[in-house]
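Some notes on the structure that comes next.
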Ligand code: AMP
């Protein structure tokens, strides 16, 4: 299955992508993770992307399209893949349609106030991509998967979160219509009080896995 996970920042794309990756045995391709690694490694791509990411703006289309186009050529993508955080503009979606055949675009929908609460308490592992919320960490500050110290992403600062939400509404939300018109859209209305397991069940149902 070639799957796109759509939805605002903090809706749980990364969390559910990791579960789907384990269940389906296909890779999660996160442009956000790829860009953060590039920033950490100080590559040319990282240096170009850093200022946009820290402001909560989108990195220019041509930088991210190239990352995904190259990544999809790898042998582990031949049985399918989960795109997490890409495409984020109509231009990216149009480019993607030239080098990939998408089966489903799954839209995780969640209210803004819940997103703000989630993102402001989010802690992440920059080594393995693990994501946590301070409310469930009980003071622990290391990753349960790999032991790396957890950090708060710079773009999870409150004013940056607001900008990311407005960037999402202006540039990414139009993709909901775009994939609806192609007949590929499925939506999960995420219940803010549901556990991750409950939401993942809804994701599985939407993908006909349950
Ligand atoms: P994410 O981890 O998906 O929330 O992405 C973090 C940041 O990386 C975003 O706020 C953007 O600055 C950048 N980014 C990730 N994916 C894309 C994309 N498809 N297009 C443009 N910028 C992106």
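The values are calculated or read from the model by the stated rules, or taken from the named source; none is laboratory data. Note that the structure is a prediction, hence the values are computed from the model and not measured. Using ideal geometry, Cβ is built from the backbone for each residue, glycine included, and neighbour counts are taken over all protein chains shown.
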So residue 149 ticks every box in (1) closer than 23 Å to residue 124 by Cα; (2) loosely packed, with under 12 Cβ neighbours inside 10 Å; (3) at pLDDT below 95 but one. Which box is left unticked? (3)
When the residues of the stretch 55-98 are narrowed to those that are away from the ligand (no atom under 11 Å from the Cβ) and buried (at least 20 other Cβ atoms within 10 Å of the Cβ), which ends up farthest from the chain's Cα centre (by Cα)? 81
As an exercise: evaluate residue 105 against (1) more than 12 Å from the ligand (Cβ to nearest atom); (2) assigned to a helix (DSSP H, G or I); (3) within 25 Å of residue 189 (Cα to Cα) and give the number of the one condition it does not meet. (2)
Which one of these is surrounded by fewer than 20 Cβ atoms within 10 Å (Cβ to Cβ), farther than 26 Å from residue 154 by Cα and either in contact with a strand residue (DSSP E or B) (Cβ under 9 Å, 6 or more places away or on another chain) or at pLDDT 95 or above (or both): 101, 51? 101
Expected single match for within 15 Å of the ligand (Cβ to nearest atom), under 16 Å from the mean Cα position of the chain (by Cα) and surrounded by 15 or more Cβ atoms within 10 Å (Cβ to Cβ) among 172, 187, 160 is 172
Going by the structure shown, is residue 132 away from the ligand (no atom under 13 Å from the Cβ) and closer than 25 Å to residue 162 by Cβ? yes
If a residue counts only when it is farther than 16 Å from residue 107 by Cβ and touching a residue at least 12 places away in the same chain (Cβ under 8 Å), which strands (runs of 3 or more DSSP E) contained entirely in the stretch 121-210 have at least 3 such residues? 122-124, 131-133
Scan the stretch 28-43 and give yes if some residue there is in contact with a strand residue (DSSP E or B) (Cβ under 9 Å, 6 or more places away or on another chain) and away from the ligand (no atom under 11 Å from the Cβ), otherwise no. yes
Listed by first then second residue, the pairs whose first member lies in the stretch 72-84 and is in contact (Cβ under 8 Å) with a residue 24 or more places away in the chain and more than 26 Å from residue 172 (Cβ to Cβ), whose partner is in a loop (DSSP other than H, G, I, E, B) and away from the ligand (no atom under 16 Å from the Cβ), with beta carbons under 6 Å and at least 6 positions apart or on separate chains, are 79/26
Just wondering, is there one or more residues in the stretch 113-121 that are touching a strand residue (DSSP E or B) at 6+ places or on another chain (Cβ under 7 Å) and either within 26 Å of residue 1 (Cβ to Cβ) or surrounded by fewer than 15 Cβ atoms within 10 Å (Cβ to Cβ) (or both)? no
